[in-house]
1. In the stretch 22-35, what residues are of a type outside the set (Lys, Arg) and either exposed (fewer than 11 other Cβ atoms within 10 Å of the Cβ) or over 24 Å from Lys73 (Cβ atoms) (or both)?
2. Please verify whether the stretch 44-63 includes one or more residues that are of a type in the set (Ser, Thr, Tyr), outside any helix (DSSP H, G or I) and either loosely packed, with under 15 Cβ neighbours inside 10 Å or in contact with a helix residue (DSSP H, G or I) (Cβ under 8 Å, 6 or more places away or on another chain) (or both).
3. Go through (1) more than 30 Å from Met119 (Cα to Cα); (2) part of a helix (DSSP H, G or I) one by one and return the number of the condition Met91 breaks.
4. Give me a count of the residues in the stretch 55-109 that are polar (S, T, N, Q) and more than 14 Å from the chain's Cα centre (by Cα).
Amino acid sequence: MYTFQDLVDITNKLRSEEGCPWDREQTHESLKKHLEEESEEVFLAIDHKDMDNLCEELGDVLYQVMLHSQIAKENQCFSIDDVVNGICEKMIRRHPHVFGDKKVISSEEGEAVWNAIKMQEKSRENSKKP
């Protein structure tokens, strides 16, 4: 089985001078339509309860994330490691009932905790903007 690191390496190779011309010429803007199309295909696989197709389409969405991350890395903005780190931090921060000492007894309470933390974060972000 291939690993996540293999995917990182494959994406890097495809974007390299020795790689694929199509992959090399992609930008965040040019990839928007592909991310949308791949996401729609995920929705269809879910609607049709087609787990084999869902697995494939999630891979296509993941590759879109990889491409965007590789482009950002090339532009010295962020890397896939930053994306992974950011989502891990967010999941831990927004689940204090799992990773902390907060207690919830229902999914509704868990969602309320998530939304309250999200609102606090957005408020802090907005207060930092000029």
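1. Passing the criteria: Trp22, Glu25, Glu29.
2. No, because not a single residue in the stretch 44-63 is of a type in the set (Ser, Thr, Tyr), outside any helix (DSSP H, G or I) and either loosely packed, with under 15 Cβ neighbours inside 10 Å or in contact with a helix residue (DSSP H, G or I) (Cβ under 8 Å, 6 or more places away or on another chain) (or both).
3. (1)
4. 4
Each value in this text was obtained by applying a stated rule to the coordinates, not by laboratory testing. This is a predicted model, so every value here is computed, not measured. We place every Cβ from the backbone using ideal geometry, glycine too, and count neighbours over all the protein chains shown.
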